[in-house]
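Q: Got a structure here, written out as structure tokens. Questions coming.
A short reminder: the numbers here are calculations on the coordinates, not readings from a lab. From a predicted model like this one, the values you see are computed outputs, not experimental measurements. For neighbour counting, all protein chains shown are included, and Cβ atoms are generated from backbone atoms with ideal geometry for every residue, glycine included.
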Amino acid sequence: MNNMTPPIPQSPLLELNDYSAEPVFQVENMLRGARRQKGLRPLPVPAEPAPV
């Protein structure tokens, strides 16, 4: 009996990453969409992330 599991194939979505490219999803658009779905009033998006 063979207890070895077959290798998991690599996803094509993960193979062709260009980490130097501009992001597809813009933070402003994501926040605007989330606020719209939750029925919240629009607020300006901060220029820099808040310190942790």
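Q: Could you derive backbone 3J(HN,Hα) for segment 26-37 from the dihedral phi with the Karplus parameters 6.51, -1.76 and 1.60 (θ = phi - 60°), listing whole Hz in sequence and x where the residue is Gly or Pro?
A: After applying 6.51 cos²θ - 1.76 cosθ + 1.60, I find 8, 4, 4, 5, 5, 5, 4, x, 5, 5, 5, 5 Hz.
Q: Taking 0.36 nm per residue of separation and subtracting the Cα-Cα distance, what length does fully extending ALA47 through MET4 add? Don't jump to the answer; show the numbers that get you there.
A: Details: separation 43, 0.36 × 43 = 15.48 nm, distance 5.06 nm.
Between ALA47 and MET4, full extension yields an extra 10.4 nm.
Q: For the chain, just the Cα atoms, rotate onto the principal axes and tell me the three extents in Å, largest first.
A: Per principal axis, max minus min of the Cα coordinates gives 61, 29, 25 Å.
Q: Name the residue farthest towards the positive end of the dipole of the chain from the options MET4, PRO23, PRO42, assuming +1 on Cβ of Lys and Arg, -1 on Cβ of Asp and Glu, about the Cα centre.
A: Farthest towards the positive pole: PRO42.
Q: To the nearest 0.05, how large is the calculated FRET efficiency for ASN17 and LEU40 if R₀ is 35 Å and r is the Cβ-Cβ distance?
A: Values: r = 32 Å, r/R0 = 0.93.
The calculated FRET efficiency here is 0.60.
Q: Taking the Cα centre of the chain as the origin, how large is its charge dipole in debye, to the nearest 20, when only Lys and Arg (+1) and Asp and Glu (-1) carry charge on their Cβ atoms?
A: Working: 5 positive and 5 negative charges, 110 e Å.
Dipole magnitude for the chain comes out near 520 debye.
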